[in-house]
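**Student:** Here it is, the structure, as structure tokens.
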Amino acid sequence: QVQLVESGGGLVQPGGSLRPPCAASGSIFRINVMGWYRQAPGKQRELVATITSASSTNYEDSVKGRFTISRDNAKNTAYLQMNSLKPEDTAVYYCNALITYGYGGSSRLYWGQGTQVTVSS
């Protein structure tokens with residue numbers, strides 16, 4: 001079994017920062033690409049950022065220069081450093097990861113349960 005767990009969301013004022021982690025656990029052979037997505041009320045889930053196993057990153061245009069995705073392979077954890085937060089960043093943030101599990105013969109995409117981020121004064 002493999003699990004992804006996000007944490008570290010919360011209420012923050014405009015201009016503030018958060019750094020939620022996404023931790024993978026279980027029978028992990030290798031974690032390939034990891035990503036953060038978000039879903040605001042009444043909107044579709046959208047990509048925020050991704051990071052490959054070689055730490056190559058990709059960002060959605062509205063978060064470039066404000067958000068930074070990183071990963072600690074020793075801890076099987078990805079982070080999303082969010083700075084200069086705006087009210088329009090309010091959403092449930094989800095982590096996903098393409099994980100090769102067990103003895104390395106199979107891979108699948110896993111999702112976390114999400115963490116709420118609310119930006120408001």
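**Student:** How many nm separate the modelled label positions at residue 75 and residue 52, each set 7 Å beyond the Cα in the direction of the Cβ?
**Tutor:** 2.5
**Student:** Would you check the accessible area of residue 38, probe 1.4 Å, heavy atoms only, in square angstrom rounded to 10?
**Tutor:** That residue has around 20 Å² of solvent-accessible surface.
**Student:** Starting from the Cα of residue 86, draw a straight line to each of the lysines and keep only those under 27 Å, dropping any in the same chain fewer than 8 residues away.
**Tutor:** Cross-link targets: 43, 64.
**Student:** How large is the accessible surface of residue 28 in square angstrom, using a 1.4 angstrom probe and rounding to the nearest 10?
**Tutor:** 40
**Student:** For the stretch 36-121, which whole percent of the accessible surface, found with a 1.4 angstrom probe, sits on carbon and sulfur atoms?
**Tutor:** Ligands and nucleic acids excluded, carbon and sulfur give 46 percent.
**Student:** Would you mind calculating the relative contact order of the chain from Cα pairs under 8 angstrom and at least 6 residues apart, reporting the percent as a whole number?
**Tutor:** This gives 37 percent for the chain.
**Student:** Moving to a separate point now. With a 1.4 Å probe and every protein chain left in place, work out the accessible area per residue of the chain in Å², rounded to a whole number.
**Tutor:** 53
**Student:** Using the 2.2 N^0.38 Å rule of thumb for compact globular proteins, work out how the chain stacks up: its C-alpha Rg over that value, please.
**Tutor:** Here the answer is 1.04, to two decimals.
The values are calculated or read from the model by the stated rules, or taken from the named source; none is laboratory data. Just so you know, these numbers come straight off a predicted model, no measurement behind them. Don't worry about glycine lacking a Cβ; one is built from the backbone with ideal geometry, like all the others, and counts go over all protein chains shown. To get the accessible areas, we keep the full protein, side chains included, count just its heavy atoms, and leave off ligands, DNA and RNA. Shrake-Rupley method; radii C 1.70, N 1.55, O 1.52, S 1.80 Å.
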